[in-house]
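Structure record follows, encoded as structure tokens.
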Amino acid sequence: MMWIAGTAAAQSSNVDKTTSAKLTKYLHNHRLPMVGAQISNTSSGRQLMLYGFVATDFGKEDAVTKSKRYLHDSTIAVVNNIRVNPQLKHLKRPPPSDESASDQTDSGAMPPPKADWERTLDETLRSGGATPSNDPALKMPAPGGPAPVPPGSTW
């Protein structure tokens, strides 16, 4: 049992938290507000894990394209665990911001209300869902761990 805990701790220490956070912010600012990224350094090289939600298959592929371009690495191994949910198309977008809105925020005034998608993402993350480490529906192995066995299948 001790060996498993040590392995998990070693695996989590291989996550490049700084680059992961910067890439996630980049994706949020480039039309992928509900997508997150985690970069791990594994024995077989760097690995990019994408997770979260998009409305279309194009959005799922766009996240991979934008991530590789941001990282300047077209050969990085990608685990794409993004879920496509067409219902997200119907969520309201936040109103476009202008300079006066940023001036109000800088002056201490309340920021504008959150859009539906922002509330949905906040609630999902607050409840512990849609993160690479704790969403069983994503069926993701730990970095460097064994691949999951589909239900009803055997090795």
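Every number here is computed from the coordinates shown, using simple stated rules; none is lab data. These numbers were taken from a predicted model, which means no experiment stands behind them. As a convention, Cβ positions derive from the backbone with ideal geometry for all residues, glycine included, and neighbour counts pool all protein chains shown.
Stretched out straight at 0.36 nm per residue, the stretch from Val79 to Thr18 would grow longer than its current Cα-Cα span by 20.1 nm. Summing Lys and Arg as +1 and Asp and Glu as -1 over all other residues whose Cβ lies under 12 Å from the Cβ of Arg46 gives a net charge of -1. Between Lys89 and Thr65, the C-beta separation translates, for a Förster distance of 22 Å, into a calculated FRET efficiency of about 0.65. For the peptides 37-45, 60-68, 83-91, 14-22, the ranking by packing is 60-68, 37-45, 14-22, 83-91, with the highest mean count of neighbouring Cβ atoms within 10 Å listed first. Around the amide H of Asn85, modelled in the peptide plane, lie the amide H atoms of Val54, Ala55, Thr56, all under 5 Å away and 5 or more residues distant in sequence or on another chain.
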